[in-house]
Structure formats: C-alpha cells, structure tokens
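Written below as structure tokens is the structure these notes are about.
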Amino acid sequence: MSILLKVDNIHTHIGQYHILQGVSFEAKEGEVSVLLGRNGAGKTTTLKTIMGLTPATSGTVTFLNEGITKNATHHIASNGIGYVPEDQGIFGALTVEENLKVAMRKENDAARERQEYVLKLFPDLKKYWKKEGGHLSGGQKQMLSMARAFINDSKLLLIDEPSKGLAPVVIEKVMEAIIEMKKQTTIILVEQNFIMASRIGDTYTLIDDGETVQSGQMSELIQNEELKRQYLGIG
Amino acid sequence: MELIINLLINGLATGMLIFLLAAGLTLIFGLMDVLNFAHGGLFAWGAFSGVWFYGLTNSFTVAIIGAILTGIVLGFITEKLIITPVYGNHIQQILITLGFMIVLSEMLKVVFGPNQIAAKTPPLLSGSWEIGDVIIIKYRLFIILVGILVFGIFQFILKRTKIGLIVRAGVMNKEMVQALGINIKQVFLYVFMVGAALAALGGVLMAPYSGVIYAEMGMEFAILAFIVVVIGGMGSFPGSLLAAILVGLAGSFMAYYVPALSLAVNMMLMAIVLIFRPQGLFTAKG
Amino acid sequence: MKLEPILKTENLTIKFGGQTAVDHVNFTMPAKHFKSIIGPNGAGKTTFFNLISGELKPTEGDVFFRGESMAKYSSVERTRKGLGRSFQITNVFPNLTVIENVRLAVQSKENIRYQMFRHFTAYKDLQIQAEKLLEVVLLSNKANAIANQLSHGEKRKLEIAMLLALDTEVLLLDEPTAGMSLEEVPAILDVIKQIKQTGDKTILLIEHKMDMIMDLSDSIMVLFNGRLLADGTPKEIMDNETVQNAYLGGLYDEHLA
Amino acid sequence: MKTKFQVNNGILLVLVAALAVFPFVSDSRTWTILLTQIFIFSILAMSYDILLGYTGIVSFGHAMFFGMGAYATAIMLDHFEPTLSVFFLSIAVGMVISGVISFLVGLLTLRLKSHFFAMLTLAVSGLFLVLAEKWRTLTHGNDGFTFRAPEFFKDRVMFYLLVLACLVLVYFLLRRFVSSPLGRVLIAVRENEQRTKSLGFQTLHYKVIASMVAGIVASLAGSLYAISLRFVNTSVLTMDITLDALLMTIIGGVGTLIGPIIGAGVIELAQHYLSGLAKEYPIFERWIIFFGIIYILAVIFFPRGIVGTIRHAFWKRKTNEPKVNVAPKRKELLK
C-alpha cells in the first residue's frame, strides 16, 4: 500500500512555545493511523500542523508525494484532507443542511452521492436536517462534523478525539461510523480512549512531550505493557 | 399629523444613510474582528467622488456608480495596506485605522479643496409630492427605498447564497471555514470591499440630502455608525438596520422638539445599551 | 477526632449547551490534605477547578470553603480568601522580569494595593520575600531575566512561585508538569514535595502522570464524564476496577450507561 | 560609582537648568512661545502615556479633560478678577471636575473591551463638544471668547517659567506614580489583565485610577493652554487634541514618560516648520497628512517609538546571549 501522508520531523511553535519538537509518522492508504499520548503531548497540534492551521517551523509534511508544509489551510483542505477538530467546529447558527452546504466545494453528482452516503451513515442528520447546528447533541455534532469533512472528495480524514465527552453508547456509534468510513478513505485519528483506539487502529504513533516516541502496528502496542504504562498511564 | 409624518420620513431617510455606513462596519467587525475607524473616510470619499462624477456627467446614475467604484478601490487599498498587517491586534487596529481616517479626510482636502462643496439634487428626484397636507420630499423617499433595497439584497445574499453562507460561517468560526477548503482571506477582502462600497453609496446619497459636503462629515457620520453598531449588536446585520432607524428617528424627532439634545440622545442611547446590554440588542450567533 | 473539611462541593454541576461538563460532584477535603484529581481527557477536571476558583459559575450546586458558600464571590475575592490556583496554560507577565512577576504577587498578599507615592523599591520586604520564593522554586539564578525568555519548565516554576507568594491556604495546581520536557519534571516534583513538607498547605492537584502522584497524594479522586467516579487512598484507587475500566476506556456497561 | 539612575537624573537636571535660563539669554519671542507650547503638550502627552503606555488603554476622548481645564480657567478668569489666586483656583476646579468625570466615565466603560471603550470615549467626548457648542451663555460656542490673563503673565518669560516648573513637577510626580506599587500593578494590567485579576487585584479600580490621573493631568495642561492663548473656543475639545497627544506619545515612545516629551517637541517643531513651508508650497497646508502617514508607519514598523527603540537597542546589547535554549534530546534518557 502506498504512503498517503508522510510527516517528517516537524517542529511547531505556537507563540513563544515550542510545542512540537520532532514528530514523524506515515499514514498508509486505506489504514487508520492512531496518534496516542497523554494530555498536552502534542497530538492536536500535530493535526493542526498537517492542516496548516499552526504551520511547522521546520520539518516537512508530504501528501500525495507533494510537499504541503507551507501551504495555506484552504489549499491543504481542497487537496483532499478533511478535518474534524476536537470541538467539532460546527457553525452553530447554520442548519445541518447549511453546514454541509458550506463544506461542499463542488455541487456535482459525485458530491451528492457522497452526501447520500453520509446521510445513510448518520441517519440522525437527515432527521434534523433543518435544525440549527448549535442545538444538536454532542454526538450529533460529532457526526455532522465527520460528515462535513467526508462530503468532499477527501482522501484523508483527520479526526481529533471523537469520543471526547460522549456517552458510551454514542461512542459505539461513532466508532462504527469510522470503521465504515475506513472503507472509503484513509484516517488519522487522535484518541485517548485506548480501547477505542486499539479496536479501529491499524497502526499507532506514540507522541510524548511533542516528540514521536514510537510507531508501529497496533497489535504490537496491545502486547507492550511497558510502553502503555509509561506513556498512557494504563496497564 | 403631517409634522409627525415628515419627521418620520426624515428620520427614516437619515437612518437608512447611517445604515449603509453601519452595515459595512458591522459585517467587517463580525467577520474579521476588525473595528474600522476609517470607515467614515470611505463614506466621505463616496460623497466627494459622487458629486465630482455628477458634475462631470450630469448623471446621477453615473455618480452612484462612480462613488461605488471609488469605495471598492479604496476598500481594496485599505484592506491590503492598513488592515492586513495588524490582524489580531486590537490596539494596533484601533490606532492605525484612526490614523488612516485622518489621511483619508485630509486627502479629500488636497484633491477637492478644503472648502465645503454644494451638492445638487438630480432633477428627477427633486421636488415633492403633496398628499393632502402632507408634503413628501421625493429624494428622501428615494433614500428610504434604496436602503430597503440594499437591506433586502443583502439579506438574500446572506441567507440564500453560498457566499453568504460562507460569510455567516466565517463569523462563527474562521479556522473551520479554512479547514473546509475556503480561502478566508479572499473572503475578508471581498467583504471589506463590499463594506467600503456600501459606505461610499451612503456618502453619495447623503450629498444631495444635506446639500453640502465637507471633509469632516466622515467622522461625524462614523460616530453615528459606531453608535448604531453598538446598539444593534456588533456583527448583526438586521440589528444594525433596526438601530440605524432608531438613531435616525431619535435624531429627527429630537432635532425638532429638543434641538439641544439631538446629538446627545444617541450617545445616551448607546451608553445605556452598553451598560445594561453590552452585547447590543441583537447578537451575531456563534 | 474528625477534621472539619476546608473545601467542599455540593452537587456541583455545569452545563455547556447540551453537555454536562461537571455533573453533581460532591467532594470534601480536610485541611493540610494532599488530593490529586485524575481522569481521561475531557473528564471535566479543569472545568471543576474553574468552578472552585470562580472562573466559571455553576449551573447548579455550590462550593464551600471553611464552611462558607463561595457562590457570591468572584475569582478575585476567592483568591484573597485563600483559594489560589495555577493555570494549565502558563500565564505570567511576559515582558516583566521574573522577580517583578513574583513581587507583584507578594504585593497582593501584603495588601499593598493603592499606595502611589512611595517608590516600589522602598518596600524592601517585598523584594526579600520574592527572592526567598524564587529560592524555593529553584529559580534564583533567573531573577532578572524577562519572563518570556524562560524555558517552559522555568515558566511553570515561576507560576508556582507566584501562587505561593499569595500564601493562600488552598493551592489548586492544574497540571504543573504539562508540556514540560522529561528532565524538567523532577525539579517541579521537588518543588511540590517541598511545599507538601512544610505541611501548612492544602493541595488539590490535577495530574496525568500516575507514577508522580502515587507517593505524593494522601488521596486521589477520579473524574469521568464529569462525574465523580471514585475517591480514596492511592491504593484503593489503583485496585478499583471501575477506575481501571474508565481509564482503559472500556466502560460500555451498566456502571455508567 | 554613580548609578545609572543618578546619571540620568543629572542629565535631566542640566537640561532643565538650560531651559530655565534660555529666555534670559535669548530674546527670541517666537522660541519662548514655541517652547511654552511644547511644554504644555508634553504634559498632555505624558498624561496620555499613563493610559496608553502604562495601562494599555486606548482612549479617543482625552481632549475632553484638556478642554475642561481650558474652559475652567477661561471662564473663571473671565467672570472673576484675573488674579493669580483665581488662576490657581481655576486649575484646581478644572482638575476636580476632570477627576469626577473621568471617575464616572471610567467606572461605566472600563469594564468593556478595548474596542468598545475606544468608541465610547469618542462618543462621550463628542457629547462634551456638542455641549460646549450649545451652551453658548457659558462658552460662546464655536466662536469662543478672549479673556484677561493675570497681570503676572504679561511677561511671557514668567509664564514660560511657570509652565516649565509644572512640566518638571508633573514629570517627577508621574514617574513616582508609575514606579509606585500601584504603578507596578498598572503595568501588570497592561501585560496581562486576566493574570493581574487572579493575583487578587481588582483591575477595574486600577484602570479607573489611571484614567483619573490621566484626566487630572490633562486638565492642568488645558488650563495652561488657555492662558497661553488668552482665548478659548471649542477646538480644545476636538479630536485633533486627542490625536496630537496620541501621536506625540507613539512617536516618542509609549510607556516611557520621557518619550512623550520628546514626541511633543518633535511634533510641535515639525508643525511649526511645516506650516512655515506652507507659505511657499501649498501642499504643506495639509501637513497633517504627513503626520497621518508617519503615524501609520510608526504603528506598524516603529511601535516602540524613539525612546523605546533606543532603550531596546541598549537592552539588547547588554543581554546579548543566545535566548533559545536547546531542549536536550530525551531519547537518550529513554535508553
């Protein structure tokens, strides 16, 4: 399988803080790569750096064999990377329909097809089609945000902690959706819920203090009690 | 009764002019988080360039188009030169846009001379209708109609079109709009230019209404527009229309009944709103 | 003898939109106690702190400090009463020197607020206290550096010095080691241990590094989805199966559903 | 060894002495008047620096306090005997009024964000301008009125010396003020208001105090200004006055006190020469355009101003050590 996205030794400063101090990993096409690590380790910043929201000060991000490190966020997005931020980024005063419409860059048959697809994936969205985004529940917002990122021809989805603050039943639904979406696209997932991460992840990258500590197959990490204890506080 | 109607029309007309100025101000603030103290300068430039075009061609249509174009060009320059370097720094924005306001209004004096200039009402729109005892001045009605039209067009654009959707989404969450593949900086620029064009339109319509134009009119009207934006709720489009009409009417009635307080009443209105409802009457939803 | 709780919450709850970030939390802690709060991301730990320190107003419930309801007090007033907090994001005065940062905090504690005629250097005592505090947090050598030139770890130390300067009875420490490089952590640990050893402070600590809090804490409470999942000695918490599950994220069963 | 502090004070003292003897060695009336004007605007600009430079507040209504002082002095000298004691009394009256008004306005508006505050100050000062224009029985509106100054000031040199004395006094008082414990808190507010609050300081009180001090000092400048012209009209309340103060503070260097004095000198001199040039080249009648442009450039490229830039350069040279501390690699630690 080919490498879709490659992050090579990126360093990112936010204001005066040196947040990322050497993060490297690869995302292979069709896989789910999970970024793990404790609070403040730099996982969210890694996604934002890929998106160009907090551009890297050094190091490179390569997507589809093309350097995108210094590209503007909107270029990166239209190149085919969809982003589901930690806070879901729903436009509160826009309806579900409008939220999707803003995201749809080309209103052609392919886009409509994808829209049909996500509505099947998340029937709730169809139900609340005319409801304002701000009035949705946490789980519905998460679904809308994922649908919105997916609706364009995104080859890669960056999803930041989809389970955060959700009830267990809803987490289950979100997980199923991600597993379903995986058939269509590549996913980079930030997740602290290790059970969830280990169930859907193919590969993992462990980040601590802004640095990649270890990468590999998820199955290996599940066995490695030492690593889990040291960096995830579990086991 | 006829007095009331006249004051009403008068107030509405003034309100609509303020609205044209405030609409741009509020859009720019809501989307870009920039308070443009130079906005009044664009208004004055609209008035002067419009009068100049009118003198040249004797066509009010050309005058309006000329003023709007002037506004668009100045808006482009302002955004690129003045606003872009200071995004995100409020104190610098406040200081720099005020500085640009001075440059704009002094430049007016260089280009058009330091004195007041008389502005004529186009023949088609001058005169009045008499309905019973009520005298309706045509030009004022014209201003009101233009104001309603502009409001309608903008409501339509904001609610029904893709670009409007993007602007509304941008007001709520700029970062996310970019992450959906939209060049928000481009949108900023367009909105700024449109805001400037609205201000210029307000200026050119103002000229025949007041009869004379002068460089300081920009600042005077800008203060009114600020008041309107605060009362209406920063970033709220319908709010600014409502507040503009409120301020226009309050000014018109006060000017007749308690002339000494006519300007003060607006300030007091704003002070009361700020103290009791600092977010304004309407809020741009986020 | 039963100790009178110095800090107590009753049904403390806050909702943001449709989400309940902190959900009917009842907890008490005695004076001079060291309690840590753990829980996964988004469990509501920092929000819980914000409710105690008064940065946020609860939707329901109340905070009691020495038996007194805190509902009517702002965060400023709570600090003056004796509830001091540190921030998760480093929050200092960036363009002032380190010593000035601390001196401002000392000045607040000494209640020198509106004195405007004497030169500040005339207050020798403030300077001396500030210098002492820098010693406590092992930052004396940087006293005259501008704060924003410090490393991240040094800023956290400065933050703690400022908190100590306020001399509040309760210290709310929000992840003092967050974003710190590994070799800076022991120094912060030393600082916290030193504070604990003086024995006159009540400390509430949010921390992720389990190994770090195990031997420091008198007790540990676990927050999950805004709810108080468990509260007990470190050993009890380690052995608690529900906690294990919560941390492992495997909680899909009747425990909480 | 002398400290830096003593050296600085020494230089200042020499400068002040030179300025004090200046009118006795030079008989240039123009220069005496020009310097008097510079001193008055220095006082105004310093008062603005307390707001902008030390507390981080942008006010567009500073002219109203200047105007209050000017009107208090003008009206009192006009209505009573123009004696020195009435003059001093009028200064006090102006200061009290300014103090009360700045207290009330500050209390109501300083809670708001910088945008709103700037707009509101603009509006309130607009209100006072309208008030002065409409209350013709007291102010004679836009036309203004002349009045007699105390006999003592017939001699321009006496007035020059009084203004210089005021400048020196205000400078030292304000310097003490900003380096008092309270002044330190003001700087803390400018740096990080949220943090200042969490240290237990009620920041609103401090901002109100800063705006009162600034208002009171501006009022003194206004009183002196009125005497210097022996005339007052509504122009003392206009935006131009606020802009002058703003420009002087920014060009000279915010947060330095001495900067605004230098700024006042630069601006007043430039204004003097440019308006001289205007007789030959009409474009210079619009000299304010150049100020506007310089001001915009200064905000973007020269935000520290003259004094701030010099100080920064010195400070940089002194602490010329690498600031970036290379974080040790922790991979080694893991092994």
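Computed values, structure above
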{"read-out": "Any hit, region B:129-147, residues being outside any helix (DSSP H, G or I) and either within 10 Å of chain A (Cβ to nearest Cβ) or charged (D, E, K, R) (or both)", "value": "yes"}
{"read-out": "Single unsatisfied condition, D:Ile227 versus (1) more than 10 Å from chain C (Cβ to nearest Cβ); (2) within 19 Å of D:Ile261 (Cα to Cα); (3) among the β-branched types (Val, Ile, Thr)", "value": "(2)"}
{"read-out": "Filter result for C:Gly226 (more than 18 Å from A:Arg38 (Cα to Cα), within 12 Å of another protein chain (Cβ to nearest Cβ) and more than 17 Å from the chain's Cα centre (by Cα))", "value": "yes"}
{"read-out": "Residues within region A:117-136 that are open to solvent by 50 Å² or more (accessible area, probe 1.4 Å), part of a loop (DSSP other than H, G, I, E, B) and either within 14 Å of chain C (Cβ to nearest Cβ) or charged (D, E, K, R) (or both), tallied", "value": "3"}
{"read-out": "The one condition in (1) in a loop (DSSP other than H, G, I, E, B); (2) in contact with a helix residue (DSSP H, G or I) (Cβ under 6 Å, 6 or more places away or on another chain); (3) within 11 Å of chain C (Cβ to nearest Cβ) that A:Ile195 fails to fulfil", "value": "(1)"}
{"read-out": "Matching residues, region B:151-168, being open to solvent by less than 50 Å² (accessible area, probe 1.4 Å) and either more than 22 Å from B:Gly15 (Cα to Cα) or within 10 Å of chain A (Cβ to nearest Cβ) (or both)", "value": "B:Thr161, B:Gly164, B:Leu165, B:Ile166, B:Val167, B:Arg168"}
{"read-out": "B:Arg140 vs. criteria free of Cβ contacts under 8 Å to residues at least 24 places away in the same chain and open to solvent by 20 Å² or more (accessible area, probe 1.4 Å)", "value": "no"}
{"read-out": "Verdict on C:Gly67 being crowded, with 23+ Cβ neighbours inside 10 Å and either within 27 Å of C:Ala230 (Cβ to Cβ) or without any contact (Cβ under 8 Å) to a residue 12 or more places away in the chain (or both)", "value": "no"}
{"read-out": "Among residues of region B:61-120, those that are under 25 Å from B:Pro208 (Cα atoms), open to solvent by 70 Å² or more (accessible area, probe 1.4 Å) and more than 7 Å from chain D (Cβ to nearest Cβ), counted", "value": "10"}
{"read-out": "One residue from C:Leu139, C:Leu96 being buried (at least 17 other Cβ atoms within 10 Å of the Cβ) and either at the interface with another protein chain (Cβ under 7 Å from one of its Cβ atoms) or closer than 20 Å to C:Glu55 by Cβ (or both)", "value": "C:Leu96"}
{"read-out": "Some residue of region D:39-54 being loosely packed, with under 12 Cβ neighbours inside 10 Å and in contact (Cβ under 8 Å) with a residue 40 or more places away in the chain", "value": "no"}
{"read-out": "Checking C:Asn91 against (1) assigned to a loop (DSSP other than H, G, I, E, B); (2) under 23 Å from D:Ala210 (Cβ atoms); (3) in contact (Cβ under 8 Å) with a residue 24 or more places away in the chain; (4) more than 8 Å from chain D (Cβ to nearest Cβ), the condition it does not meet", "value": "(4)"}
{"read-out": "Complete set of residues in region C:5-43 that are facing another protein chain (nearest Cβ under 10 Å) and either open to solvent by 10 Å² or more (accessible area, probe 1.4 Å) or among the acidic types (Asp, Glu) (or both)", "value": "C:Phe16, C:Gly17, C:Gly18, C:Gln19, C:Thr20, C:Ala21, C:Pro40, C:Asn41, C:Gly42"}
{"read-out": "Tabulated pairs, region B:169-194, first at the interface with chain A (Cβ under 7 Å from one of its Cβ atoms) and over 26 Å from A:Thr45 (Cα atoms), second open to solvent by 20 Å² or more (accessible area, probe 1.4 Å) and not hydroxyl-bearing (Ser, Thr, Tyr), C-beta under 9 angstrom, 6+ apart or interchain", "value": "none"}
{"read-out": "Of residues in region D:55-76 being in a helix (DSSP H, G or I) and surrounded by fewer than 24 Cβ atoms within 10 Å (Cβ to Cβ), the one nearest to the other protein chains (Cβ to nearest Cβ)", "value": "D:Ile75"}
{"read-out": "Index of the failed condition, D:Ser98 passing every other in (1) surrounded by fewer than 16 Cβ atoms within 10 Å (Cβ to Cβ); (2) more than 13 Å from chain B (Cβ to nearest Cβ)", "value": "(1)"}
{"read-out": "Residues that are part of a helix (DSSP H, G or I) and touching a helix residue (DSSP H, G or I) at 6+ places or on another chain (Cβ under 9 Å), drawn from region D:80-91", "value": "D:Leu84, D:Val86, D:Phe87, D:Leu89, D:Ser90, D:Ile91"}
{"read-out": "Looking only at region B:233-286, and only at residues there that are within 14 Å of chain A (Cβ to nearest Cβ) and at pLDDT below 75, the one that is surrounded by the fewest Cβ atoms within 10 Å (Cβ to Cβ)", "value": "B:Gly286"}
{"read-out": "Subset of region C:118-156 that is free of Cβ contacts under 8 Å to residues at least 40 places away in the same chain and among the aliphatic types (A, V, I, L, M) - its residue that is farthest from C:Val106 (Cα to Cα)", "value": "C:Ala122"}
{"read-out": "Options C:Asp239, C:Asp231, C:Asp174, C:Asp218: the member that is at pLDDT below 85 and of a type in the set (D, E, K, R)", "value": "C:Asp239"}
{"read-out": "Test: residue in region A:163-179 that is modelled with pLDDT of 85 or more, open to solvent by less than 50 Å² (accessible area, probe 1.4 Å), under 26 Å from A:Lys6 (Cα atoms) and of a type in the set (S, T, N, Q)", "value": "no"}
{"read-out": "Residue that is modelled with pLDDT of 85 or more, out of contact with any Asp or Glu (no Cβ under 7 Å at 6 or more places or on another chain) and not in a helix (DSSP H, G or I), where the choices are D:Arg176, D:Arg148", "value": "D:Arg148"}
{"read-out": "Residues that are open to solvent by 40 Å² or more (accessible area, probe 1.4 Å) and either more than 14 Å from every other protein chain (Cβ to nearest Cβ) or polar (S, T, N, Q) (or both), drawn from region D:186-224", "value": "D:Gln194, D:Gln202"}
{"read-out": "Evaluation of A:Ile188 against (1) more than 24 Å from C:Ile38 (Cα to Cα); (2) assigned to a loop (DSSP other than H, G, I, E, B) (one fails), failing number", "value": "(2)"}
{"read-out": "Of residues in region D:116-170 being exposed (fewer than 15 other Cβ atoms within 10 Å of the Cβ) and among the basic types (Lys, Arg), the one nearest to the other protein chains (Cβ to nearest Cβ)", "value": "D:Arg136"}
{"read-out": "Residue satisfying all of: in region A:145-160; touching a Gly at 6+ places or on another chain (Cβ under 7 Å) and in a helix (DSSP H, G or I); modelled with the highest pLDDT among these", "value": "A:Ser145"}
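Table: residues versus (1) loosely packed, with under 13 Cβ neighbours inside 10 Å; (2) assigned to a helix (DSSP H, G or I); (3) in contact (Cβ under 8 Å) with a residue 40 or more places away in the chain.
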site: C:Glu184; (1), (2), (3): no, yes, no
site: C:Ala187; (1), (2), (3): no, yes, yes
site: C:Leu204; (1), (2), (3): no, no, yes
site: C:Asp211; (1), (2), (3): yes, yes, no
site: C:Met221; (1), (2), (3): no, no, yes
site: C:Ala230; (1), (2), (3): no, no, no
site: C:Glu236; (1), (2), (3): no, yes, no
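The values are calculated or read from the model by the stated rules, or taken from the named source; none is laboratory data. These numbers were taken from a predicted model, which means no experiment stands behind them. FYI the Cβ positions are ideal-geometry reconstructions off the backbone, even for glycines, and counts take in every protein chain you see. In case anyone asks, the SASA skips ligands and DNA or RNA and just uses the protein heavy atoms, side chains included. Shrake-Rupley method; radii C 1.70, N 1.55, O 1.52, S 1.80 Å.
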